[in-house]
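> Here's a structure for you.
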Amino acid sequence: MKKVVKIILLGIAVLFISVCGFFIWVWDQYTVPVLMYHNVEVLDHQAPNWVSPEEFDWQMSFLRKHHYNVITLTELVDRIKAGSKMPHNTVAITFDDGNYNNYQYAYPILKKYKIPATIFLIASAFENKSFLSESNIREMAKNGIAFGSHTVSHAYLLDFDIAGQRREIFESKKIIEERLGAPINFLAYPIGGFSDPIKRMTQEAGFKAAFATNRGSDRFNHDVYELKRIRLSSRDHTPVEMVVKLSGYYNYFRMLKNPN
């Protein structure tokens, strides 16, 4: 009887240690959530790439109210490369495309809450009135907004041959830097599409890091040339939804749900 009790206790101890080990491992996989926005504008229906100014203001106030540490992409990438741990309430914010509504609606809110963000610009869109102008960009750059590249044409990179991919990556950096007179260190892959050769081109072009959506196998953002992001939109309008996406484990649980 004593032997049976010892075996049961040993089994319980092993199970307890295993469970604790698993939760310690998961805790150690904390990944800074990089939020991805597109449009901040009034819309009469919900859409995945849109958030109303009111909802965006609420989301940014949520970050400040709950003391999230909003960092720049430069700090994020530098710390990933250094392998340094980051507090579990850290977050970074990005916008894709550089739509004019980013200046009209998002920028005043970011400025109000003193929140930094990075906007990925389409290099061919400078003359398009639906997108940010150089004067918009220069004003925003003075108030905590940084800028990156979203390629030349915003087309899906995997649809190009190698020469086309190089042109989209290299020329976008050159065009935007010449326009703004400042280094462009980060790239966002259009529609999140990339490959190993595209990652190598991105590094060769001089980008310090590149951002995707939810594609690729590195769910913990160890590889700075395929950093995953988390989309926020008008659908994320409750504290529970915000806490889940800001938890630092959202990418991990997405991987469990859809391993491919």
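> Restricting the stretch 62-88 to residues that are free of Cβ contacts under 8 Å to residues at least 60 places away in the same chain and of a type in the set (Lys, Arg), which is farthest from His150 (Cα to Cα)?
Among those that are free of Cβ contacts under 8 Å to residues at least 60 places away in the same chain and of a type in the set (Lys, Arg), it is Lys65.
> Quick check on my filter: what residues within the stretch 191-210 are closer than 18 Å to Ala117 by Cα and without any contact (Cβ under 8 Å) to a residue 60 or more places away in the chain?
Within the stretch 191-210, Phe207, Ala210 qualify.
> Residues in the stretch 53-66: is at least one under 18 Å from the mean Cα position of the chain (by Cα) and within 16 Å of Lys142 (Cα to Cα)?
no
> Could you figure out which of (1) touching a strand residue (DSSP E or B) at 6+ places or on another chain (Cβ under 7 Å); (2) within 18 Å of Val152 (Cβ to Cβ); (3) not in a helix (DSSP H, G or I) isn't true of Thr202?
Of the numbered conditions (1) touching a strand residue (DSSP E or B) at 6+ places or on another chain (Cβ under 7 Å); (2) within 18 Å of Val152 (Cβ to Cβ); (3) not in a helix (DSSP H, G or I), the odd one out for Thr202 is (3).
> Which residue pairs have Cβ atoms under 6 Å apart, sit 6 or more places apart or on different chains, and have a first residue in the stretch 34-61 that is more than 24 Å from Tyr249 (Cα to Cα) and a second that is of a type outside the set (Val, Ile, Thr) and in a strand (DSSP E or B)?
Matching pairs, first to second residue: Asn39/Trp50; Asn39/Asn99; Leu43/Trp50.
> Provide a single number: the residues in the stretch 156-171 that are crowded, with 16+ Cβ neighbours inside 10 Å, under 13 Å from Ala188 (Cβ atoms) and either among the basic types (Lys, Arg) or in contact (Cβ under 8 Å) with a residue 24 or more places away in the chain (or both).
2
> Limited to the stretch 125-163, what total is found for residues that are in contact with a helix residue (DSSP H, G or I) (Cβ under 8 Å, 6 or more places away or on another chain), closer than 27 Å to Asp196 by Cα and small (Gly, Ala, Ser)?
Within the stretch 125-163, residues that are in contact with a helix residue (DSSP H, G or I) (Cβ under 8 Å, 6 or more places away or on another chain), closer than 27 Å to Asp196 by Cα and small (Gly, Ala, Ser) number 5.
> Give the residue that is surrounded by the most Cβ atoms within 10 Å (Cβ to Cβ), with candidates limited to residues of the stretch 109-126 that are in a helix (DSSP H, G or I) and touching a Leu at 6+ places or on another chain (Cβ under 9 Å).
Here the answer is Ala125.
> Do we find a residue being assigned by TED's automatic domain parsing to the domain that holds Tyr225, in a loop (DSSP other than H, G, I, E, B) and surrounded by 20 or more Cβ atoms within 10 Å (Cβ to Cβ) anywhere in the stretch 79-96?
Within the stretch 79-96, none of the residues are assigned by TED's automatic domain parsing to the domain that holds Tyr225, in a loop (DSSP other than H, G, I, E, B) and surrounded by 20 or more Cβ atoms within 10 Å (Cβ to Cβ).
> Moving on to the next point. In the set Glu171, Glu177, which member is within 18 Å of Asp97 (Cβ to Cβ) and part of a helix (DSSP H, G or I)?
So the residue among Glu171, Glu177 that is within 18 Å of Asp97 (Cβ to Cβ) and part of a helix (DSSP H, G or I) is Glu171.
> Still on this model: Restricting to the stretch 218-237, give me the number of residues that are among the hydrophobic types (A, V, I, L, M, F, W, C) and in a loop (DSSP other than H, G, I, E, B).
Result for the stretch 218-237: 3.
> Being surrounded by fewer than 19 Cβ atoms within 10 Å (Cβ to Cβ), over 25 Å from Pro190 (Cα atoms) and at pLDDT 95 or above, is that true of even one residue in the stretch 98-108?
Yes, that holds for at least one residue.
> Name the residue, out of Ala146, Ala141, that is assigned by TED's automatic domain parsing to the domain that holds Val51 and either modelled with pLDDT under 95 or within 15 Å of Leu187 (Cβ to Cβ) (or both).
The match here is Ala146.
> With respect to Lys85, determine if the residue is of a type in the set (Lys, Arg), within 23 Å of Ala212 (Cα to Cα) and modelled with pLDDT of 55 or more.
Yes: the conditions hold for Lys85.
> Determine whether Ile191 is assigned by TED's automatic domain parsing to the domain that holds His88, hydrophobic (A, V, I, L, M, F, W, C), under 18 Å from Ala125 (Cα atoms) and in a helix (DSSP H, G or I).
yes
Rundown of residues vs (1) over 20 Å from Lys114 (Cα atoms); (2) among the aromatic types (Phe, Trp, Tyr); (3) at pLDDT 90 or above, yes/no style:
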site	(1), (2), (3)
Ser18	yes, no, no
Ile24	yes, no, no
Tyr30	yes, yes, no
Val34	no, no, yes
His38	no, no, yes
Asp44	yes, no, no
Ser61	no, no, yes
Leu73	no, no, yes
Ile80	yes, no, yes
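The values are calculated or read from the model by the stated rules, or taken from the named source; none is laboratory data. The structure presented is a predicted model; accordingly, all values stated were derived computationally and were not measured. Glycine also receives a Cβ, built like all others from the backbone with ideal geometry; neighbour counts cover every protein chain displayed.
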